[in-house]
């Protein structure tokens with residue numbers, strides 16, 4: 001979270017004021033990180049069905065992976081691709097450089113799929129998730 005706050009000053013303000021939008025983008029960023037295999041097992045801990053292809057959630061996650069791969073064919077630079085997707089999730093800016101490079105509706109489809117998964121990430125083990133977010137926001141004393 002600290003890295004995002006350093007990268008985007010608008011995000012820092014949202015975190016400081018506990019803007020409700022951050023409770024949408026934090027799990028979305030975690031799901032995005034899971035696509036990179038870099039979520040530190042958070043998705044597996046709080047939403048294991050996301051990885052089970054026999055569930056609707058697993059099928060949706062697989063569709064998200066395929067969509068991410070499709071988007072990846074439009075941007076060769078993996079770092080730029082990740083940052084573009086991150087900005088899309090954080091700011092939902094349909095005028096981003098990514099939106100201009102994709103077929104119409106692909107960015108919105110990606111955003112919608114990741115939001116569904118991120119809502120479920122928070123919902124399955126809600127009290128544990130709330131404790132996790134509280135610790136992530138306030139640190140461990």
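The values are calculated or read from the model by the stated rules, or taken from the named source; none is laboratory data. All of these numbers come straight from a predicted model, not from anything done at the bench. Methodologically, a virtual Cβ is constructed for each residue, glycine included, from the backbone with ideal geometry; neighbour enumeration extends over all protein chains shown.
Counting only helices (runs of 4 or more DSSP H) that fall entirely inside the stretch 11-99 and contain at least 2 residues that are farther than 30 Å from residue 138 by Cβ and more than 12 Å from the chain's Cα centre (by Cα), the qualifying elements are 56-72, 78-91. If you go through the stretch 106-141 and keep only what is outside any helix (DSSP H, G or I) and touching a residue at least 60 places away in the same chain (Cβ under 8 Å), you end up with 124, 125.
A single member of 6, 63, 92 is surrounded by fewer than 15 Cβ atoms within 10 Å (Cβ to Cβ) and modelled with pLDDT under 85, and it is 6.
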